[in-house]
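Novice: What follows is a structure written as structure tokens; I'll ask about it next.
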Amino acid sequence: MKRIKVAAVVGARPNFMKVAPIMRAMRAQAGWFDPLLIHTGQHYDERMSGAFFADLGMQRPDADLGVGSGTHAEQTARVMLAIEPVLQSAAPDWLLVVGDVNSTLASALVAARLRIRVAHVEAGLRSFDRSMPEEINRLLTDRLSDLLLTPSRDADQNLLAEGVPAEKIVRVGNVMIDSLYHQLPHAALSSILDRYRLKPGGFGVVTLHRPANVDDPQVLSRLLAVFAEIARELPLVFPVHPRTAMRIESAGLTLPAGLMGIEPLGYRDFLQLWRHARLVMTDSGGLQEETTALGVPCLTLRENTERPVTII
Ligand code: UD1
């Protein structure tokens with residue numbers, strides 16, 4: 001029997017934990033699947049990428065495109081140029097993409113042109129806010145996909161309302177939460193709380209990286225002022241995304257007392273940190289879902305969300 005050749009693409013940090021359980025499942029069914037892992041290199045720092053491969057037990061990618069940072073157009077175009085020859089020579093039966101980052105759309109577009117079938121994991125999520133680059137990536141990737149694998153009922157409904165035929169939609173649940181449960185026992189071994197002298201329930205966690213929150217110095221400085229206020233009662237730990245670190249520096253801002261800025265963390269350390277937090281404040285879509293799954297209170301620092309299942 002011919003095995004199904006599936007090329008899975010990862011690019012940015014939130015992709016790794018979604019693809020890890022799928023690669024594991026495909027490798028466990030080696031009689032059925034011939035999986036291939038392509039890393040576009042959208043995220044390239046050790047702390048944004050390498051640390052995740054190690055924590056999640058992922059094998060090294062079969063192809064590493066090394067596209068790096070740039071404007072949306074540059075990044076999308078570089079992924080397209082780099083992935084085309086890889087897909088042409090590997091000739092997979094399916095391209096599997098996850099989420100909504102620039103690498104997701106760029107690779108789906110190339111595959112569709114090469115007549116390679118596209119499966120999109122986390123299909124159908126909508127914020128209905130086209131000022132977010134991710135919303136454009138979600139809409140277009142879903143348009144290009146032959147198989148739309150959704151995490152939740154609202155996602156099915158969004159796709160049906162856009163005219164996607166019901167037979168293309170399969171609700172599979174949330175693969176990122178599969179990763180979360182798989183990693184919980186490993187995360188429990190992390191020494192992160194001791195390293196920062198934190199007591200379970202005695203601190204909050206902040207993450208911030210969306211352009212809408214960090215690109216305008218006024219908005220960013222107002223957010224830091226709010227954190228300063230909260231930190232008077234509850235110390236806050238803030239693993240700073242490289243994009244945010246750059247914006248804080250270029251705006252000439254400093255972190256207020258009580259807001260402890262630290263380097264981005266690997267998956268296990270970060271999981272051990274936030275699961276013991278009194279509350280989490282974030283603009284990350286993934287963390288909204290993860291905190292919801294474990295019942296950690298989460299304040300979403302956005303005006304809308306494509307993940308309504310996380311709101312009470
Ligand atoms: C990307 C995704 C976003 C996701 C986020 C998670 C898009 C449009 N955005 O945003 O949906 O929530 O990843 O982190 O795809 N940088 C580094 N080292 C790295 C990666 C980035 O220093 O390894 C810096 C670069 O200066 C870069 C900036 O961060 O220009 C932004 O990186 P980029 O990949 O463009 O977008 P993110 O903000 O990370």
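Novice: Residue 52 versus (1) within 13 Å of the ligand (Cβ to nearest atom); (2) not in a helix (DSSP H, G or I): which is the lone unmet condition?
Specialist: Single failed check for residue 52: (2).
Novice: Moving on to the next point. If you go through the range 220-250, how many residues are within 15 Å of the ligand (Cβ to nearest atom) and farther than 21 Å from residue 265 by Cα?
Specialist: 2
Novice: Evaluate the following for residue 157: is it modelled with pLDDT of 95 or more, closer than 23 Å to residue 123 by Cβ and among the polar types (S, T, N, Q)?
Specialist: yes
Novice: Looking at (1) assigned to a loop (DSSP other than H, G, I, E, B); (2) within 18 Å of the chain's Cα centre (by Cα); (3) farther than 21 Å from residue 218 by Cα, which is the only condition residue 292 fails?
Specialist: (1)
Novice: Is there any pair with a first residue in the range 249-271 that is over 28 Å from residue 20 (Cα atoms) and a second that is of a type in the set (Lys, Arg) whose Cβ atoms are under 9 Å apart and which are 6 or more apart or on different chains, and what are they?
Specialist: Pairs found: 253/247; 257/232; 258/232.
Novice: Which residues, taken from the range 58-88, are closer than 26 Å to residue 149 by Cα and not hydrophobic (A, V, I, L, M, F, W, C)?
Specialist: 59, 60, 61, 62, 64, 72, 75, 76, 84, 88
Novice: Now for a separate question. Restricting to the range 87-108, what's the tally of residues that are surrounded by fewer than 19 Cβ atoms within 10 Å (Cβ to Cβ) and touching a Leu at 6+ places or on another chain (Cβ under 7 Å)?
Specialist: 2
Novice: Residues that are more than 16 Å from the ligand (Cβ to nearest atom), surrounded by 19 or more Cβ atoms within 10 Å (Cβ to Cβ) and part of a helix (DSSP H, G or I): does the range 277-286 have at least one?
Specialist: No, the conditions are met nowhere in the range 277-286.
Novice: Restricting attention to the range 1-21, which residues are modelled with pLDDT of 95 or more, outside any helix (DSSP H, G or I) and surrounded by fewer than 24 Cβ atoms within 10 Å (Cβ to Cβ)?
Specialist: 3, 4, 5, 6, 12
Novice: Name the single residue, out of those in the range 22-48 being surrounded by fewer than 20 Cβ atoms within 10 Å (Cβ to Cβ) and assigned to a helix (DSSP H, G or I), that is nearest to the ligand (Cβ to nearest atom).
Specialist: Going through the qualifying residues, I end up with 48.
Listed here are the residues, each with its yes/no results for (1) in contact with a Leu (Cβ under 9 Å, 6 or more places away or on another chain); (2) more than 19 Å from residue 204 (Cβ to Cβ).
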residue: 222; (1), (2): no, no
residue: 240; (1), (2): yes, no
residue: 244; (1), (2): yes, no
residue: 269; (1), (2): no, no
residue: 279; (1), (2): yes, no
residue: 284; (1), (2): yes, no
residue: 294; (1), (2): yes, no
residue: 303; (1), (2): no, yes
residue: 312; (1), (2): no, no
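Novice: Another question, if that's okay. Could you count how many residues in the range 133-174 are touching a helix residue (DSSP H, G or I) at 6+ places or on another chain (Cβ under 6 Å) and within 23 Å of residue 72 (Cβ to Cβ)?
Specialist: Matching residues across the range 133-174 total 5.
Novice: Restricting to helices (runs of 4 or more DSSP H) lying wholly in the range 184-254: which have 3 or more residues that are out of contact with any strand residue (DSSP E or B) (no Cβ under 6 Å at 6 or more places or on another chain) and surrounded by 17 or more Cβ atoms within 10 Å (Cβ to Cβ)?
Specialist: 217-231, 242-250
Novice: Continuing with the same structure: Are there any pairs with C-beta distances below 7 angstrom linking a residue in the range 27-54 that is in contact (Cβ under 8 Å) with a residue 60 or more places away in the chain to a residue that is assigned to a loop (DSSP other than H, G, I, E, B) and among the β-branched types (Val, Ile, Thr), with the two at least 6 apart or on different chains, and if so which?
Specialist: Partner pairs satisfying both residue conditions: 40/67; 42/67; 42/101.
Novice: What are the pairs, 6+ residues apart or on separate chains, where a residue within the range 57-85 that is farther than 27 Å from residue 179 by Cα and modelled with pLDDT of 95 or more has its Cβ under 6 Å from a residue that is within 15 Å of the ligand (Cβ to nearest atom) and among the basic types (Lys, Arg)?
Specialist: Qualifying pairs under 6 Å: none.
Novice: So, in the range 129-144, how many residues would count as being under 19 Å from the mean Cα position of the chain (by Cα) and in contact (Cβ under 8 Å) with a residue 24 or more places away in the chain?
Specialist: 11
Novice: Considering each of 236, 301 in turn, give the residue that is under 17 Å from the mean Cα position of the chain (by Cα) and either under 29 Å from residue 54 (Cβ atoms) or touching a residue at least 40 places away in the same chain (Cβ under 8 Å) (or both).
Specialist: The match here is 301.
The values are calculated or read from the model by the stated rules, or taken from the named source; none is laboratory data. All of these numbers come straight from a predicted model, not from anything done at the bench. We place every Cβ from the backbone using ideal geometry, glycine too, and count neighbours over all the protein chains shown.
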